[in-house]
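One structure coming up, written as structure tokens, with questions to follow.
The values are calculated or read from the model by the stated rules, or taken from the named source; none is laboratory data. Computed from a predicted structure; not experimentally measured. Virtual Cβ from ideal backbone geometry, glycine too; neighbours counted across all protein chains shown.
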Amino acid sequence: MDILKEIADNTEKGKQLEVPAAVQKALANGISPYEVLTNGLQEGLEAVGARFKRNEAYIPEVLLAARAMQAGMNILQPLLAESGRKPIATVVLGTVKDDLHDIGKNMVGMMLEGSGFQVVDLGVNVPAAKFVATLEAEKSALLAMSALLSTTAPYLKTVIDALEEKGLRQNVKVLVGGAPVTEEYAIKIGADGFAPDSPRAVDKAKELLNLKT
Ligand code: B1M
């Protein structure tokens, strides 16, 4: 079987031991970490996600697939993040309050790291006050936020409002993304940028900070 298909299938089935082994095999065969991520791990998760949508899979299966994907991503992370370089900028990253989805956010973080950013990842379920305090502490000029639920997307605006209240808004560019978020929505809530996927999040981050692409 094609090794990328093997990774996708094992991810979909939530096989947390087989996925890292197959990822190692793919890398040993010269497949790039990025290809393993997008055409292997992500394919598998999307497949279980599609079944979930059709009521053919249940949350525990989705969760197992997500864990299997994370096990594979743990191997790819150091390869995608070039070490030993001076960071081009610091970005504060997180999934907004009441939202526990972190796979897309982690992919954005990995891609940013791989492109030379220092990423301060606050994880999931992050309240506005924590975003604000971290941006201040890190003196970061870029906030990257994910929201995966239509019920949590409005919280992106709550964070932007909190930045305004603290007088930080003009010093911080806000980049947003996640499945329910669109370019139009990003403009409506007053964000500075939107990206539909992790590679384009990197391009947008550089554009917002006027860094060379
Ligand atoms: Co949830 N879930 N989930 N889930 N889940 C979705 C999002 C859903 C679309 C499934 C569905 O019904 N079809 C649906 C949301 C519906 C909606 O709001 N419109 C949903 C629901 C309803 C729920 C629960 C409410 C289910 C329940 O309990 N009844 C619950 C909520 C929990 C909570 O957060 N409070 C829940 C729980 C879970 C699990 C815990 C089981 C698990 C999460 C595990 C984890 O993340 N560690 C899970 C999963 C895995 C999914 C699906 C299947 C996959 C999400 C994912 O990781 N996608 C998802 C269905 C689907 O998308 N097919 C679903 C892969 C990931 C790479 O894509 O995150 O979109 P994504 O990231 C993309 C882009 O969006 C973009 O780049 C990434 C790709 O490069 N991007 C950015 C993301 N962040 C960005 C930031 C940027 C720029 C781009 O700039 C800063």
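Only one of Glu43, Glu82 is among the acidic types (Asp, Glu), under 16 Å from the mean Cα position of the chain (by Cα), within 30 Å of Gln118 (Cα to Cα) and at pLDDT below 95; which?
Only one candidate qualifies: Glu43.
Testing Ala129 on (1) among the hydrophobic types (A, V, I, L, M, F, W, C); (2) in a helix (DSSP H, G or I); (3) closer than 28 Å to Pro33 by Cβ, one condition comes back false. Which one is that?
Ala129 satisfies all of (1) among the hydrophobic types (A, V, I, L, M, F, W, C); (2) in a helix (DSSP H, G or I); (3) closer than 28 Å to Pro33 by Cβ except (3).
Is it fair to say Leu175 is under 16 Å from Ala89 (Cβ atoms) and near the ligand (Cβ under 9 Å from one of its atoms)?
yes
Continuing with this model, one more query. In the stretch 46-65, which residues are surrounded by fewer than 21 Cβ atoms within 10 Å (Cβ to Cβ), within 24 Å of Pro199 (Cα to Cα) and within 17 Å of the chain's Cα centre (by Cα)?
Glu46, Gly49
OK, next. Counting only residues that are touching a residue at least 12 places away in the same chain (Cβ under 8 Å), surrounded by fewer than 19 Cβ atoms within 10 Å (Cβ to Cβ) and not charged (D, E, K, R), how many does the stretch 135-145 have?
1
Cβ-Cβ under 8 Å, sequence separation 6+ or interchain: first residue in the stretch 60-87 and of a type in the set (Asp, Glu), partner at pLDDT 85 or above. Which pairs?
Partner pairs satisfying both residue conditions: Glu61/Gly14; Glu61/Val48; Glu61/Arg51.
Looking only at the stretch 9-38, which residues are within 13 Å of the ligand (Cβ to nearest atom) and buried (at least 18 other Cβ atoms within 10 Å of the Cβ)?
Those that are within 13 Å of the ligand (Cβ to nearest atom) and buried (at least 18 other Cβ atoms within 10 Å of the Cβ): Thr11, Glu12, Gly14, Leu37.
This table checks each residue for (1) closer than 30 Å to Ala141 by Cβ; (2) of a type in the set (Ser, Thr, Tyr).
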{"site": "Glu6", "(1), (2)": "no, no"}
{"site": "Gln24", "(1), (2)": "no, no"}
{"site": "Asn29", "(1), (2)": "no, no"}
{"site": "Pro60", "(1), (2)": "no, no"}
{"site": "Ala65", "(1), (2)": "no, no"}
{"site": "Met73", "(1), (2)": "yes, no"}
{"site": "Thr90", "(1), (2)": "yes, yes"}
{"site": "Leu93", "(1), (2)": "yes, no"}
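Mind checking whether some residue in the stretch 133-153 is touching a Ser or Thr at 6+ places or on another chain (Cβ under 6 Å) and more than 8 Å from the ligand (Cβ to nearest atom)?
Yes: one or more hits.
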